[in-house]
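The structure under discussion appears below in the form of structure tokens.
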Amino acid sequence: MNTEIRNLEPKVLWNNFADLNAVPRASKKEERVIQFMVDFGEKLGLDTQVDKVGNVIIKKPATKGMENRKTIIMQSHLDMVHQKNNDTNFDFDTQGIEMIIDGNWVKAKGTTLGADNGLGVAAIMSVLESNSIVHPAIEALFTIDEET
């Protein structure tokens, strides 16, 4: 992984995106990314569930003083379009995305980047792990099989 990616600001977002992109997550083959998200939620000590379809729900309690506010729901899908250049040797079932910086752009080396909707997942992960954002209760829904 290009360490330049992990040094982009905001670091928490780009590190979460890099961690997510290290996990193979093609549509219909989301088992590993589901487990990745379960591990993420449990590591934070948050209520983490997987529904019968495979969607992951992570709940974060409200911060002090926000308990009576309405719960907010954040949603993003875990799977990604898996396309590669004709001259690229890449196995989406076993390999993570190789991210690179090209000028002012973050790209993938020879494949799709997975920013749809990986950056959404990474942003929600960043909110869930933050201890500095005042918020009502949060329910994060990470859905599967959106790209097919």
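All but one of (1) under 11 Å from the mean Cα position of the chain (by Cα); (2) farther than 20 Å from residue 10 by Cβ; (3) of a type outside the set (Gly, Ala, Ser) hold for residue 147; state the number of the condition that does not hold.
Result: residue 147 passes all but (1).
Which of (1) of a type outside the set (S, T, N, Q); (2) part of a loop (DSSP other than H, G, I, E, B); (3) closer than 18 Å to residue 15 by Cα is the odd one out, the single condition residue 106 does not satisfy?
(2)
Could you figure out which of (1) under 16 Å from residue 146 (Cα atoms); (2) over 15 Å from the mean Cα position of the chain (by Cα) isn't true of residue 33?
(2)
Give the number of residues within the range 109-141 that are within 20 Å of residue 4 (Cβ to Cβ) and in a strand (DSSP E or B).
Looking only at that region, the number is 1.
Condition test on residue 64, is it within 21 Å of residue 135 (Cα to Cα) and of a type outside the set (Ser, Thr, Tyr)?
So residue 64 fits the description; yes.
Would you check which residues across the range 7-30 are touching a Lys or Arg at 6+ places or on another chain (Cβ under 8 Å) and either farther than 19 Å from residue 147 by Cβ or free of Cβ contacts under 8 Å to residues at least 40 places away in the same chain (or both) and list them?
14, 15, 18
Note down all Cβ pairs under 7 Å where the first residue falls in the range 36-57 and is free of Cβ contacts under 8 Å to residues at least 40 places away in the same chain, the second is hydroxyl-bearing (Ser, Thr, Tyr), and they're at least six residues apart or on different chains.
38/48; 42/48
Each value in this text was obtained by applying a stated rule to the coordinates, not by laboratory testing. Just so it is clear, the model here is predicted, and its values are computed rather than measured. In this analysis, Cβ positions are derived from the backbone assuming ideal geometry, glycine residues included, and neighbour counts consider all displayed protein chains.
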